[in-house]
1. Which of the following residues is part of a helix (DSSP H, G or I), touching a helix residue (DSSP H, G or I) at 6+ places or on another chain (Cβ under 7 Å) and either open to solvent by 40 Å² or more (accessible area, probe 1.4 Å) or among the β-branched types (Val, Ile, Thr) (or both): 504, 523?
2. Just one of 541, 553, 570 is surrounded by 19 or more Cβ atoms within 10 Å (Cβ to Cβ) and either part of a loop (DSSP other than H, G, I, E, B) or in contact with a Leu (Cβ under 6 Å, 6 or more places away or on another chain) (or both); which is it?
3. Considering (1) within 31 Å of the chain's Cα centre (by Cα); (2) assigned to a helix (DSSP H, G or I), say which one residue 360 fails and leave the rest.
4. Under the condition of being among the hydroxyl-bearing types (Ser, Thr, Tyr) and not in a loop (DSSP other than H, G, I, E, B), which residue from segment 250-307 is most open to solvent (accessible area, probe 1.4 Å)?
5. If you check every pair at least six apart or on different chains, which have Cβ atoms under 6 Å apart with a residue in segment 652-663 that is within 12 Å of residue 714 (Cβ to Cβ) first and a residue that is crowded, with 24+ Cβ neighbours inside 10 Å and among the charged types (D, E, K, R) second?
6. Can you tell which of 262, 233, 243 is farther than 25 Å from residue 443 by Cα and not polar (S, T, N, Q)?
7. Just give me the residues in segment 741-773 being open to solvent by 30 Å² or more (accessible area, probe 1.4 Å) and among the acidic types (Asp, Glu), in sequence order.
8. May I ask you to say which residue of 154, 224 is modelled with pLDDT under 95 and under 23 Å from the mean Cα position of the chain (by Cα)?
Amino acid sequence: MASVLDGVRVLDLSTGIAGPVAGMLLADHGADVVKVEPPGGDPFRGTPGYDTWLRGRRSIELDLRDPADHAVLFDLARDADVVLQSYRPGVAERLGVEPEGLLAHNPRLVVCTISAYGRHAGHAGRPGYDALVAARLGLLHEQRGHMGGPIPSMAGEPPFLEDLEIPERMPPGSPRQGPIFTYTPWPSMSAAFQAVLGISAALYAREHTGQGQHVETSLLQAAMSLTASKWIRAEHHDAKGFRTWTYDSRATKGMFRCSDGRWVQQWVPNPRFALSSADGDELALRGVNTPTADPERITTEPENIVVLAYYHPLMEEAFAKFPSDDWVRVGAQANVPLQPVRTPEEALADDALLAEGAVVDVAHPVHGALRQAGILYTLSKTPGRVQGPVPLPGEHDAEVRAEAARTPPDSADGVPSGQPLPLGPLSGVVVLDLGFAVAGPFGTQLLADLGATVIKVNARRDPFWHATHIAYGANRGKRSVGIDLKHPDGLATLHRLIARADVVHSNMRRGALRRLGIDEASVRAVNPDIIYCHTRGFDKGPRSDSPGNDQTGCSLAGVTFEDGGGHDGGKPFWSLTSLGDTGNGYFSAIGVVQALLHRQRAGVAQSVDTSIINAGLLVASMASVTADGTSLPRPRLDAMQLGLHAGYRLYPTADDGWVCIATITAQEWEAFTATVGHACTARDDADLHAFDEWFKTRTAADAWAALEAAGVPCEIATEQFGYGHDGHGGVHDDPEMLRHEYVVKQQHPKVGRFEHFGKTIHFSATPATIQGPPPVCGQHTREILAEHGFDADEINALFASGAIFENLWVD
């Protein structure tokens with residue numbers, strides 16, 4: 001079958017991580033991606049991930065400083081649909097490939113630029129390497145979190161229960177103070193998601209307007225997305241239910257070592273399950289057969305960190321009595337979220353993931369067959385496919401140059417004027433959000449940010465969760481209708497909404513969807529033209545009915561192992577900037593937009609499917625395995641989570657500060673060793689002591705100044721970017737962040753002034769609007785039903801029967 005982007009031509013001028021990952025996702029869904037490389041090839045070739053991310057492309061080498069090669073690029077651009085760029089500030093202009101010039105040449109183009117800091121002038125020109133962006137923006141401190149969690153920290157208040165005695169091994173991360181260096185390049189991975197979503201939305205908008213446009217995103221905007229549920233400032237942040245212990249730096253994230261030395265992750269902690277199951281000579285399920293049946297299940301209120309501290313050592317002792325496989329078996333029997341912590345290589349050997357194509361074997365010109373992350377979101381009628389191996393630099397020069405020569409000179413002329421899209425590229429699209437927790441709602445929040453009308457269908461159980469700041473990070477821009485779907489009149493009410501919707505989106509487990517009568521078959525019987533999106537936790541095989549979440553999905557995919565320095569003996573680590581839930585949300589939003597594009601073109605509706613584990617597979621896609629089971633070599637994070645090697649890591653300084661360096665080229669490494677006064681050629685850890693001593697005799701500011709003057713890419717790892725000081729001066733008070741709508745200020749009926757991250761993607765022709773704060777459950781029930789043809793008597797009767805409700809809140 002055809003793939004959804006068949007016929008779409010992409011010119012990929014990007015390098016690094018975000019652009020190549022975005023190009024791979026476009027190629028995997030049918031786009032003809034032509035990688036435009038400088039003579040000699042992309043300088044990042046050979047780095048981990050490129051043997052996966054460059055697959056399915058064709059390659060041409062062009063020297064854009066040469067007039068003849070520059071003309072070839074513009075001949076190609078005349079017949080292209082997308083140009084993908086990731087140049088440093090000013091480089092595109094010097095090369096004559098700036099978005100304005102390309103759009104003047106072909107007004108139907110979608111030109112997507114990925115930069116380090118976007119439009120923020122205060123950071124422009126700083127080096128764009130992932131670790132340095134994360135250090136400068138405070139993400140290296142955010143990995144572990146702050147004592148008491150982000151909400152009081154953002155408000156400038158002291159931590160909750162600051163003097164609470166915490167068991168030694170309960171806090172996540174390496175046993176030291178300071179920022180955490182993770183293996184995963186979180187900002188670039190998030191920016192790749194944003195780029196593909198922005199490109200897909202702009203292509204959909206072009207079907208309506210006839211025009212292309214400039215799409216912009218950045219690692220800075222990615223950082224705001226990664227902290228969506230954390231960097232929130234609320235006027236009434238003490239509202240009941242708003243704060244949680246979840247992101248407190250002292251709080252365990254459910255990692256437990258078993259008797260065989262392997263780790264499992266059990267999240268959210270279920271103490272009675274663990275203790276009762278281990279209470280005997282054999283591990284067996286005793287008394288607790290669902291998570292909610294656990295009377296000691298630790299809920300999210302901040303004071304429950306005391307309960308967590310009490311139970312953590314007892315749970316450690318229980319898990320240590322039996323091997324990991326037995327715990328996974330008993331966890332499945334109890335329907336408790338519990339999964340093993342695996343390496344990425346173990347995830348790539350998973351038969352269930354191979355069976356559904358989330359892991360694939362792809363030919364490679366050097367390494368033979370490589371096993372790697374596969375097709376990570378699927379569309380039922382236009383499925384993706386890996387189109388081919390990684391090309392050699394310039395492998396397709398002749399054929400691509402011939403295509404450029406054949407391009408008609410007027411192929412892009414005659415752009416029609418189409419309909420306006422006042423709220424953004426998805427203006428007019430109606431989405432019903434049936435999701436819960438984070439993964440589903442985050443995906444529909446992305447659709448709302450693109451201009452869709454998103455109706456949140458809330459159940460009576462929802463107010464407790466929706467009161468938390470975590471839910472606030474995944475539900476803005478929506479309106480809420482309160483419906484009891486277990487009530488026959490409630491289901492009939494939902495059916496009337498479905499009849500006028502474009503998209504139904506859910507992350508409930510399939511059994512629950514069937515029981516409620518909102519599975520795909522039931523929904524499509526009401527509206528055959530619906531785009532039906534379902535997101536799940538794990539594979540479609542043995543774990544298909546298992547409860548899934550970000551934490552356990554990332555452990556199965558190998559992310560927590562890598563981010564904890566597992567190869568060096570480190571404890572698995574779940575990062576607070578994780579892209580399990582939110583990556584799943586991104587995949588679902590991308591799939592929905594592409595399904596809408598296909599429906600617009602072909603008149604055919606279809607379904608979208610993805611999972612948390614698939615998002616983890618993308619995040620861990622630096623790993624690939626040869627046919628004989630050998631992993632391609634790549635740097636390994638150390639157990640203390642300081643860095644990948646001596647030239648790409650954190651160093652502590654004399655004033656308890658931290659400096660991050662990222663020496664990528666030989667010249668940068670030589671500049672670093674010369675500045676430190678310790679010449680060596682290998683960037684391994686043999687000379688770490690000498691480098692450490694240099695930093696420990698200087699303040700962070702002095703070390704940074706010396707390295708900066710020598711041309712060494714470096715940043716001070718700050719905590720101030722997000723939080724400022726004493727609740728003032730962070731992202732929410734930054735004039736540049738406000739001017740470019742990277743943050744927004746809104747009014748909420750319960751928490752008052754609500755300050756949140758803003759636009760993560762900018763569109764030049766169809767600018768989007770952040771449509772409002774998160775709703776209260778059932779806040780808009782009456783108006784939504786009236787808009788869908790219910791008269792006042794019907795609405796009152798539904799209220800009287802209990803089929804619908806409004807304005808439920810935790811008081």
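1. Numbers: 504 fails: part of a helix (DSSP H, G or I).
Result of the check over 504, 523: 523.
2. Working: 541 fails: surrounded by 19 or more Cβ atoms within 10 Å (Cβ to Cβ); 553 fails: either part of a loop (DSSP other than H, G, I, E, B) or in contact with a Leu (Cβ under 6 Å, 6 or more places away or on another chain) (or both).
Selected residue: 570, the only one of 541, 553, 570 that is surrounded by 19 or more Cβ atoms within 10 Å (Cβ to Cβ) and either part of a loop (DSSP other than H, G, I, E, B) or in contact with a Leu (Cβ under 6 Å, 6 or more places away or on another chain) (or both).
3. (2)
4. Let us first name the residues in segment 250-307 that are among the hydroxyl-bearing types (Ser, Thr, Tyr), namely 252, 259, 276-277, 290, 292, 299-300.
Next, from what is left, pick out any that are not in a loop (DSSP other than H, G, I, E, B): 276-277, 292.
On the way: 276: 22, 277: 0, 292: 119 Å².
So the residue we want is 292.
5. Between residues of segment 652-663 that are within 12 Å of residue 714 (Cβ to Cβ) and residues that are crowded, with 24+ Cβ neighbours inside 10 Å and among the charged types (D, E, K, R), the close pairs are 660/715.
6. On the way: 233 fails: farther than 25 Å from residue 443 by Cα; 243 fails: farther than 25 Å from residue 443 by Cα.
The match here is 262.
7. Answer for segment 741-773, where residues must be open to solvent by 30 Å² or more (accessible area, probe 1.4 Å) and among the acidic types (Asp, Glu): just 741.
8. Working: 224 fails: modelled with pLDDT under 95.
Only one candidate qualifies: 154.
The values are calculated or read from the model by the stated rules, or taken from the named source; none is laboratory data. Keep in mind the model is a prediction, meaning the values are calculated, not measured. A quick note on method: Cβ atoms are made from the backbone with ideal geometry, for glycine too, and the neighbour counts reach across all protein chains shown. With ligands, DNA and RNA removed, areas are computed over all heavy atoms of the protein, side chains included. Shrake-Rupley method; radii C 1.70, N 1.55, O 1.52, S 1.80 Å.
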